[in-house]
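The next block holds one structure in the form of structure tokens; read it before the comments.
The values are calculated or read from the model by the stated rules, or taken from the named source; none is laboratory data. From a predicted model like this one, the values you see are computed outputs, not experimental measurements. Don't worry about glycine lacking a Cβ; one is built from the backbone with ideal geometry, like all the others, and counts go over all protein chains shown. Side chains included, ligands, DNA and RNA excluded: accessible areas come from the protein's heavy atoms. Shrake-Rupley method; radii C 1.70, N 1.55, O 1.52, S 1.80 Å.
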Amino acid sequence: MVKWTDFERATIKDIFSKIDSGTDTCVFSPLRCLTVYPWTQRYFGKFGNLFNAAAIASNPKVKAHGKVIMGALEMAAKNLDDIKNAYTQLSILHSEKLQVDPDNFKLLADCVTIVVAGQLGKAFTPEVHAAFEKFLAVVVASLRNGNAKRYRAIHITFS
Ligand code: HEM
């Protein structure tokens, strides 16, 4: 079980109170991810035009998906003591249905960090960064969990 200090709990809560998931700001993390790591576009065939940074930035489906991702991160922040269980369905969805290479989770998490750092400015101190990095590491590990189960199952089948 992950242990959180009072400072980490307060910091994560504070960050989500400062990020307004109703605004365009939360859109920047998938936008950045799809632009900087273009291979991630392959999972979003249904999203239409992702041809270049301008197309990605003006794509309404990317915008909507940014809010969906921030919603999932807020859900993790509200379930700090059991993110793994809170993410069970999401993890299975990404592993079994969407078949996302789990290495991509860390890339998106890094994009979220950059966006949050930009929004918080000077308030994003090294200590705040460390707390948020730990939070995202737990989110990424919880999302990877479905894959771990899948590969264990494959291993059992073939051994
Ligand atoms: C911090 C990491 C991530 C979080 C919190 C997250 C969260 C979510 C959520 C909440 C959904 C909607 C699930 C539903 O409809 O029930 C979703 C869908 C999806 N995610 Fe992720 N995701 C993450 C990373 C990624 C990455 C790295 C990729 C691919 C590179 C990806 C690809 C997708 C795709 C293709 C969908 C379906 C989109 C659609 O058809 O509307 N996700 N994700």
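Scan the range 78-92 and give yes if some residue there is open to solvent by 70 Å² or more (accessible area, probe 1.4 Å), assigned to a helix (DSSP H, G or I), under 14 Å from residue 28 (Cα atoms) and touching a residue at least 24 places away in the same chain (Cβ under 8 Å), otherwise no. No, the conditions are met nowhere in the range 78-92. Going by the structure shown, is residue 74 in a helix (DSSP H, G or I), open to solvent by 70 Å² or more (accessible area, probe 1.4 Å) and in contact (Cβ under 8 Å) with a residue 40 or more places away in the chain? No, not satisfied. If the condition is being at pLDDT below 95, surrounded by 17 or more Cβ atoms within 10 Å (Cβ to Cβ) and outside any loop (DSSP other than H, G, I, E, B), then the range 36-62 contributes 56, 62.
For the range 11-20, does any single residue satisfy the condition of being among the aliphatic types (A, V, I, L, M), within 11 Å of the ligand (Cβ to nearest atom) and touching a residue at least 40 places away in the same chain (Cβ under 8 Å)? No: the range 11-20 contains no residue that is among the aliphatic types (A, V, I, L, M), within 11 Å of the ligand (Cβ to nearest atom) and touching a residue at least 40 places away in the same chain (Cβ under 8 Å). For residue 116, state whether it is outside any helix (DSSP H, G or I), within 13 Å of the ligand (Cβ to nearest atom) and within 29 Å of residue 3 (Cβ to Cβ). No. Pairs, please: C-beta under 6 Å, at least 6 apart or cross-chain, first residue in contact (Cβ under 8 Å) with a residue 12 or more places away in the chain and in the range 96-117, second among the β-branched types (Val, Ile, Thr)? Cβ pairs passing all conditions: 104/40; 105/140; 106/140; 109/140.
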